[in-house]
């Protein structure tokens, strides 16, 4: 049989493994940070009607620029930062936040350019960076998974990256950044600064969004997703807010008609029903905070979390703990620094199953 070794694959792709968290049929899947609450029957009906409405015109290409969807997203973001007055020209959308990141790297990265991040962080940042032909630099986080502004500035001055990735709340640690740290990075960075806010809706009260820093900063990009708090992971809709000039740059690299008519219709329907979809966020925050306290009560070390997951450890053999949980029907993620594990926050039933299984394993 033909193998990759027999194909004229790019040299820099040889030896790589495809990205992917385990997809296993288990009673309790707590490894991919999804919102565990499915849409209500009423929302399912509304989503079905939205798809039905566009089905008759699927012989035609969709709106290439997703104009109506971007206007709806701008309205949603304006509620996060009142008075911003954003319009669809300040927002861009694509198939998940990963395609957003890919387009950013296609436009502002490439051969001879460097992207810098602070790991441990989202594992797709270096993967998409390197696949785009951009060099990746890991500048590292502090031992408590925070980010010291002076150290971040020093790393930027040393490497002069074309793109800096900040993640707030950070995945897999759940750590959020204050605006002063982001501003310090913005002042030092010679190129674009991307603040990945995939988990922004879960942040604790008083934790500001980088959206507040956008006015007058054309090199700042804030990315979001509908896969997490919106409980729309299957829709594959990511988006960003930035200066309109950034959107003009991304249009140079986007594929034609990249967002299907079905995706646009489903995403707009979800935004129209955001009160229901985001209505579970407070419950998930409470579950998260209770989980952090419970894990610490077991004597484990737990990272402070502003997301819908918790990183905990440390274990001399985390693989054994992961496997022990899996044997009991609970799938979590073996990710992050050596010795640490990450569990997504689920329903009360799922959290009870996790607690029971972990106590048995320990």
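A short reminder: the numbers here are calculations on the coordinates, not readings from a lab. Computed from a predicted structure; not experimentally measured. Using ideal geometry, Cβ is built from the backbone for each residue, glycine included, and neighbour counts are taken over all protein chains shown.
Table for the structure above
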read-out: Additional length obtainable on full extension of the chain from residue 44 to residue 17, 0.36 nm per residue less Cα span; value: 6.1 nm
read-out: Net lengthening on full extension, residue 293/residue 252 (0.36 nm per residue, minus Cα-Cα); value: 10.0 nm
read-out: Percent of beta bridges antiparallel (DSSP, the chain, rounded to nearest 5); value: 50
read-out: Listed candidates [x] 33, 24, 18; [y] 30, 27, 22; [z] 41, 28, 17 - label of the one calculated as semi-axes √(5λ) of the Cα gyration tensor in Å; value: [y]
read-out: Additional length obtainable on full extension of the chain from residue 349 to residue 144, 0.36 nm per residue less Cα span; value: 70.8 nm
read-out: Cα gyration tensor, the stretch 136-222 - rounded (a/c under 1.5), prolate or oblate; value: oblate
read-out: Percentage relative contact order, the stretch 43-276, counting C-alpha pairs under 8 Å, at least six apart; value: 26
read-out: Highest average packing first - 177-183, 59-65, 1-7, Cβ atoms within 10 Å; value: 177-183, 59-65, 1-7
